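Inspection log for the structure reproduced underneath, given as structure tokens.
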Amino acid sequence: MATVRLREIAHARSGDKGRDAMVSIIPWERRHYALLARVLTPERIKAHCGGLVRGDVVRYDAPALGAFNVLLKDALGGGVTRTLMLDIHGKALSCLLLDMTIELPEAP
């Protein structure tokens, strides 16, 4: 097993939906989709975000696209027009998730 940062095998896009943030995680290679489906649990994602996500984390799988859409509820302090946070659109949350470590099986 090799420990890698998620950014080494995936990229992400993020944006705001009111006070919630949405982050799409897309593996660079299709072969990593099943691995990410196992390790990117809502519980692990929320733990990785620390106290930034006050609500639930919901993961939506999009296997036909080879991607995951992650909803981070109550992560933006009330939304763009109400928050005092510096990252009002939640763009930094994608970078935070991409910093997560993943155990990558050795290639055969």
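The values are calculated or read from the model by the stated rules, or taken from the named source; none is laboratory data. Everything quoted here is computed from the prediction, not taken from an experiment. A quick note on method: Cβ atoms are made from the backbone with ideal geometry, for glycine too, and the neighbour counts reach across all protein chains shown.
Contact map, region 89-108: residues that are under 15 Å from Thr3 (Cα atoms) paired with residues that are of a type in the set (S, T, N, Q) and modelled with pLDDT of 70 or more, Cβ distance under 7 Å, separation 6+ or inter-chain. Pairs shown: Thr101/Thr3; Glu103/Thr3.
For region 33-48, the tally of residues that are assigned to a helix (DSSP H, G or I) and crowded, with 18+ Cβ neighbours inside 10 Å stands at 4. I'd like the full set of residues that are farther than 17 Å from Leu40 by Cβ, part of a strand (DSSP E or B) and either polar (S, T, N, Q) or in contact (Cβ under 8 Å) with a residue 60 or more places away in the chain (or both), limited to region 1-29. Answer for region 1-29, where residues must be farther than 17 Å from Leu40 by Cβ, part of a strand (DSSP E or B) and either polar (S, T, N, Q) or in contact (Cβ under 8 Å) with a residue 60 or more places away in the chain (or both): Ala2, Gly15, Asp16. Can you find even one residue in region 55-71 that is touching a helix residue (DSSP H, G or I) at 6+ places or on another chain (Cβ under 9 Å), crowded, with 17+ Cβ neighbours inside 10 Å and under 18 Å from Pro105 (Cβ atoms)? No, the conditions are met nowhere in region 55-71.
Arg30 passes every criterion in (1) out of contact with any Ser or Thr (no Cβ under 7 Å at 6 or more places or on another chain); (2) under 14 Å from Thr101 (Cβ atoms); (3) not aliphatic (A, V, I, L, M) apart from (2).
Flag: Glu103 matches the condition of being part of a strand (DSSP E or B) and modelled with pLDDT of 85 or more.
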